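Everything on this sheet refers to the single structure shown next.
The values are calculated or read from the model by the stated rules, or taken from the named source; none is laboratory data. Just so it is clear, the model here is predicted, and its values are computed rather than measured. All Cβ positions, even for glycine, are placed from backbone atoms using ideal geometry, and neighbour counts span all protein chains on display.
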Amino acid sequence: MPLEIMHGDITKMRTDAVVNAANSRLQRGGGVCGAIFNASGADRLQKACDEIGYCAVGAAVITGGFDLPAEYIIHTVGPVWQGGGFNEENLLKSCYKSALALAAQQGCRSVSFPLISSGIFGYPKKQALEAAVEAVNAFLTGNDLTVFLVLYEG
């Protein structure tokens, strides 16, 4: 199935899972993370995240979607941009691969992603988009999933 790049609000996406651009402590943050927490029911989501406790950069974990239209929230921790010489691209691609693998394990047929690491983590948007498209397309070669990359213009 295809990858579709669109503008919109990820918290309104009616996909099986939405991906949260999380921090490693899985605490409520700003930007996309804050919006997902607010829309899902922040207290319940924080409790679920606290039970998990931690997520490494490039890895992914899953919780319920609570008040979101999505059944699941997949939390992944992107790299902080440090100029490109600290394995940032591979770590960023790993975020997409880990989240997609987790979605497939849960039986999801559709997933919505933000542009991971391109906000407060400082990853240049053009490079973040290129890494996302490459990682998602590589995964879709062998998997039947519909993936939305939801770009927010605020």
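Key figures
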| item | result |
| --- | --- |
| Boolean, K47 is under 15 Å from P114 (Cα atoms), charged (D, E, K, R) and at pLDDT 95 or above | no |
| The listed residue being aliphatic (A, V, I, L, M), in contact (Cβ under 8 Å) with a residue 12 or more places away in the chain and out of contact with any strand residue (DSSP E or B) (no Cβ under 8 Å at 6 or more places or on another chain), out of A56, A48, A39 | A39 |
